[in-house]
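Here is the structure we will look at.
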Amino acid sequence: QVQLVESGGGLVQAGGSLRLSCAASGTIFGIHSMGWYRQAPGKQRDLVAVITSGGSTNYADSVKGRFTISRDNAKNTVYLQMNSLKPEDPAVYYCNADLTARVRQRITRGQFWGQGTQVTVSS
């Protein structure tokens, strides 16, 4: 089965930095895009940043200039470097991948999610 395992969340002071990582594993034939979403309590899950297999990126307006998404295709890993963290950034951050993999004996393209990692910012 496909697994996305995130790491790197935690507590940081406002203005500080954190780096999130997400590694995809399983019988994967291709990863079309990987991204990060976040969900604060009582709010919907929103896109933070996404990167395609070709390296094109897209960011939410609220994080442009502060967050940087990157990926290591050889390791099936995506990173989110978060700088200048603000009090409005705390949320559970979820890794997402649009990929093709063997799932239950079938080759399937779909969206897969990690378990989420908490980011907390203290003022």
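Details
- The alpha carbon convex hull volume per residue for segment 19-89 rounds to 101 Å³.
- ³J(HN,Hα) computed for each position of segment 96-111 - Karplus, 6.51 cos²θ - 1.76 cosθ + 1.60, integer Hz, glycine/proline x: 10, 9, 9, 9, 10, 8, 8, 10, 6, 6, 10, 7, 9, 9, x, 9
- Compared with the alpha-carbon gap, the fully stretched path from SER62 to VAL103 is longer by 11.2 nm at 0.36 nm per residue.
- Reachable aspartates and glutamates from LYS43, criterion Cα separation under 13 angstrom, eight or more residues apart if same chain: GLU88, ASP89
- Listed by chain and number, the aspartates and glutamates whose alpha-carbon sits under 18 Å from that of LYS86, ignoring those within fewer than 8 places in the same chain, are ASP46, ASP61.
- Computed with the Debye formula from one identical point scatterer per Cα of segment 2-123, without solvent, the log10 of I(q)/I(0) at q = 0.16 Å⁻¹ comes to -0.71.
- Protein accessible area in the chain, 1.4 Å probe - carbon and sulfur %: 45
- Residues considered: LEU11, LEU20, LEU85. Largest GNM mean-square fluctuation over the chain, using C-alpha springs under 10 Å, is found at LEU11.
- Using a cutoff of 8 angstrom between alpha carbon atoms and counting only pairs six or more residues apart, the relative contact order for the chain works out to 37 percent.
- Cut-off 11 Å between beta-carbons: net charge of the residues surrounding GLN118, Lys and Arg +1, Asp and Glu -1: 0
- Taking amide hydrogens as placed 1.01 Å from N in the peptide plane, the amide H of GLY16 sits under 5 Å from those of LEU85, each at least 5 positions away in sequence or on another chain.
- For segment 15-123, accessible area per residue (1.4 Å probe, heavy atoms of protein chains only), Å²: 52
- Each residue of segment 68-78 was assigned a 3J(HN,Hα) from its phi angle through the Karplus expression (A = 6.51, B = -1.76, C = 1.60, θ = phi - 60°), giving 9, 9, 8, 8, 10, 5, 5, 9, 6, 10, 10 Hz with x at Gly and Pro.
The values are calculated or read from the model by the stated rules, or taken from the named source; none is laboratory data. Predicted model only: the values in this text are computed from it and were never measured. FYI the Cβ positions are ideal-geometry reconstructions off the backbone, even for glycines, and counts take in every protein chain you see. Protein only, heavy atoms only, side chains kept; ligands, DNA and RNA dropped before computing areas. Shrake-Rupley method; radii C 1.70, N 1.55, O 1.52, S 1.80 Å.
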